[in-house]
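This report concerns only the one structure given below.
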Amino acid sequence: MGLLRERIYNHALLPGQRLDEALLAEQMGISRTPLREALKVLCAEGLVDLQPHKGCFVAELSLRDLEEIFPIMATLEGRVAHEVAQKRTPAQLKVLDALHEKLEKHAAAGDVDRYYETNYVFHDQMQTCAGNRWLQIVIGDLRKLLKLSRHHSLRLEGRLAASLAEHRALMQALHRQDAEAAEGVMRDHLLAQLAALREMSLATEALDG
């Protein structure tokens, strides 16, 4: 199941793609029975869509889905930033500073992929520093779903530089231990991602149309 999940996350299996159970079972070296059990679990996680009499499809996030998910994420991650600003230790701040330096480096090199990877780790570390397991659980589930998006907001022209500026503002707020500012910056950071994804999604629809 872990392999199948990873293939969905890295888009080896594309959003909206119909899954060939026989082929997948052969590729994974298992029978169709455990494969179907795995698909049921992935369906419960929202990663696949089991349609009676039609088959199983990789789940696909629509623009409407993104419009509904991101405001929730913005609120939750904003709360994470608020708690980190209040609770962070010097050692935790040092770790966040080190990750931010990597973001600076990757942005300067125009390396979107490595920036994205480091940004993912940064947000994970923020949740660790907040120390709120309920936020970690809910945000973790939503982040899994967001991996199903066809678009990558950092690919939009100007978004990489804007993201870095937002991270700089966040780090300044964390250093000042300004919880309200940190929360606002993080919330706006997530909503800016939504705006970029919206623009990219609408542009793709226009081209397809």
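Values quoted throughout were computed directly from the atomic coordinates according to the rules given, and no laboratory measurement underlies them. Keep in mind that this is a model prediction, so the values were computed, not measured. Every residue, glycine among them, receives a Cβ derived from its backbone with ideal geometry; neighbour counts consider all protein chains shown.
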Round to the nearest 10 and give me the degree value, 0 to 90, for the angle of helix 133-146's Cα axis relative to the longest principal axis of the chain.
50
Mind giving me the FRET efficiency for Thr89 and Ala195? R0 is 41 Å, r the Cβ-Cβ distance, nearest 0.05 is fine.
0.75
Report the calculated FRET efficiency for Arg155 and Lys40 (r = Cβ-Cβ distance, R0 = 22 Å), to the nearest 0.05.
0.05
Full extension from Thr204 to Thr75: what is 0.36 nm times the residue separation minus their Cα-Cα distance, to one decimal in nm?
43.7 nm
Quick P(r) readout (the range 71-127; Cα-Cα; 5 Å bins; whole %) gives 4, 19, 23, 22, 18, 11, 2
Taking the structure as given and computing Cα Rg over 2.2 N^0.38 Å, which label from (i) 1.38; (ii) 1.13; (iii) 0.97 fits?
(ii)
³J(HN,Hα) across the range 171-177 via Karplus (A = 6.51, B = -1.76, C = 1.60, θ = phi - 60°), whole Hz, x for Gly/Pro?
4, 4, 5, 5, 5, 7, 6
Could you grab the Rg to Rh ratio for the range 73-173? Cα atoms only, Kirkwood for Rh.
0.95
Taking Cα atoms, how many degrees apart are the long axis of helix 179-208 and the longest axis of the chain, rounded to 10 and kept between 0 and 90?
40
So what are the three principal axis dimensions of the range 103-144 from its Cα atoms, in whole Å, longest to shortest?
36, 20, 7
In square nanometres and to one decimal, what's the mean projected area of the convex hull around the Cα atoms of the range 149-209?
4.2
In nm, to one decimal, how far is the modelled label at Arg114 from the one at Gln177, with both set 7 Å along Cα→Cβ?
3.5
Hey, rough spin-label estimate for Asp65 and Leu142, points 7 angstrom out along Cα→Cβ, what's it come to in nanometres?
1.6
Could you give the length gained on full extension between His11 and Arg133, defined as 0.36 nm per residue of separation minus the Cα-Cα distance, in nm?
41.0 nm
